[in-house]
1. Pairing the Cα long axis of helix B:200-209 with the longest principal axis of chain B, what angle in degrees results, from 0 to 90 and rounded to the nearest 10?
2. Would you work out the relative contact order for chain A, in percent, from Cα pairs under 8 angstrom that are 6 or more residues apart?
3. Could you give, in nm with one decimal, how far residue B:220 is from each other copy of that position, shortest first, with labels 7 Å out from Cα toward Cβ?
4. With an 8 Å cut-off on Cα pairs and a minimum separation of 6 or more residues, tell me the relative contact order of the stretch A:121-229 in percent.
5. Rounded to two decimals, what ratio of Rg to Rh does the stretch B:73-130 give with C-alpha atoms and a Kirkwood Rh?
6. Per-residue ellipticity at 222 nm for the protein assembly as shown, helices alone: DSSP H runs ≥ 4 residues times -39500 (n - 2.57), over residue total, nearest 500 deg cm²/dmol?
7. Can you give me the distance in nm between label points at residue A:337 and residue B:197, each placed 7 Å from the Cα along the Cα-to-Cβ direction?
8. Relative to a virtual label point 7 Å from the Cα of residue B:91 in the Cα→beta-carbon direction, which members of the stretch B:33-63 show backbone nitrogen distances below 19 Å?
């Protein structure tokens, strides 16, 4: 590439997977991109463009002449083409659509009607499809004529006159059976289908659970519209996991399709700042609680020592509970009827964790604290190690039990009001239990130590 | 099931996917499990057992007689069988191995030699394999004889006399070509393979990136040992995402294969308590820092108001940075040479976020704070709103810049010393920046306000 040797480059590119060329292209500068696109040509780029992040699609297509654009769009599979056209400007979309052959244009327009994150928006319509009245010979001839346009023939779907999905056969059943065998004799029922309007996550979970290579997408009349392929399912699983992880860290907005280092710093700033600033406002409430216990802290300065710990432990255990519950919801493990069981389980866990940490801190107060020279009698104001330890332990038990319960409750409540459970996880819960932690800690100390 | 009607049950079960039966079985009590296993028989259970969580495998197999166990093990695919036998007690493993036919036993033993989380441990050896000297007719006959034992024939691998992987053909290439076509004429090169000893995550990332249905697993001499199938890749992707998410919330240890509600509370306790208690110890250091600034707080009590906010904002932004970096590492986006670029990017982001939050808080100090009646002159000790706002803003900028940089640095450093980057994410970083936050906040206030 450095040497601008187009022939050598084409030779290397032929051995590379389009996904690798796309990654390389993303990292190049303007002039290098121009050179790469002109030397590799439309055949290679028709495979590369669908692998590019959505922000680069239009600028890359625009490097080619109209005739070349038409060639690239023609070579692309229908689902990739619909995805690409959803990511370009309105003006460019109309222009590209007009370059397509009439039937391709119709298919593309119909695919674009489904949202990008629905099963319909992800499906491909280029599938192996045979009629229920055919025999094996007829089916093989039917498939032979369409084979080069078809993404996968591992499962071939059987439809009737109305296009209703009747069943499926495997390619091996065709290859290994006599030519006069009827399709109806070797066809199997298709137990799982998904509606075109369903969320893509539902489709990918079904495919993962049932180990499906292809999931047929149907409309409400059970007419076969297309299929979701295993490679789309893998992509959806990765996208949804990334989305959950990001939301759980208070990162909002759409995830970028660009790799981390290629994503603009300002875009990252826009995704991270809203939660950061909102949670900071909430943290001022914690500060206000703290100012209210100023007198208590002056009377018994040793209370400072445990305050960050009680608060942080609540945030950590609440965050752990939220993580477990959010992930269980994502994997479809928590039904509508098991909310009580989840809450009971987490409350019990919070109590156990509180007992464990409370006992640890009680031991710290009576064994370690007396040995530390930096805390003199002025910090204790006449309170004994046992009394202090007891007060700290009780505060920890109350804080961890409530924080853990809250950590489980919030995602479930978010789901009930149709919010994404991941959004209320870790940072949000930490901010809330910061406030409750301060109140619990100082009130307990005040009551138990008689201050 | 309630009615103990075995016939009706078998009929229903035939329509259910084994994964659904496994979920049902997991939720049953002892007596119901006994009834289900005896009425559905070995044929159904040979599909159900591989879908069960590993803790239930031995107890379920033990419900059957020795002859039945032998039948179940015989019906199971080789990779599932090896996985199952890795999850039972040593005594049971020897007993089950002795029930296998000699060649099955050999295959199973060789698969068990690879770690459960390696490519070799995940692969199946039941693949379509033809010799490079064959023609299409010979290949079809070869495959016909093994077809019922083979998980997938969508890709058929071509080997030479030594078993070296030479290429692949698609089943459709066999079905749609003349019988006297030589395999060498229609075979394609296989560009991607994985070593049997490689981590399963490497295999699944490769399959997802290159949209592969099957990934050939080879040894160092490039001999074909088996393949990883797309359904295993989906399972690995889900497992690895769950593992990352859990580690990032300070949950340690192996994830349970059981669903959330079926996992024992004590097991959850064991996974959550170690980090909770370690981080609580670290939080005591924060408390110690706080006790050192006792005099400052007494002189200027309004500083209490902002302390939790400065600390929490550092934790949140550090956590966000760590999340982005850990996820980018997981998806293979950060190479060994881009560490500097990552750090530069996050430092810049920390500075921007610090400026945004710092300005917000400065505005709060000069506009909102004077309007709040609960903070009287006694809290301010002669310090003006502008001076206070300036000190708070500077502390925020310093804290957010260092916290964000630390959030990016820690996962990268962890990887460099072969630790899992996810393990040092959110809670760990929050605990560290709690300490730095206290120091930064109080030192800045002390210096700028001249106290």
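1. 90
2. Relative CO of chain A lands at 12 percent.
3. Between copies, matching label points for residue B:220 lie 6.3 nm apart.
4. The normalised contact order for the stretch A:121-229 reaches 30 percent.
5. Values: Rg = 11.0 Å, Rh = 11.6 Å.
Expressed as Rg/Rh, it is 0.95.
6. Dividing the helical sum by the residues of the protein assembly as shown leaves -20000 deg cm²/dmol.
7. About 5.2 nm separates the two model spin labels.
8. Residues B:55-63 fall inside that zone.
Readers should treat all values here as calculations from the given coordinates under stated rules, not as data from a laboratory. Since the model is a prediction, treat every value here as computed from it, not as a measurement. Here the Cβ is made from the backbone with ideal geometry for all residues, glycine too, and neighbour counts use every protein chain on show.
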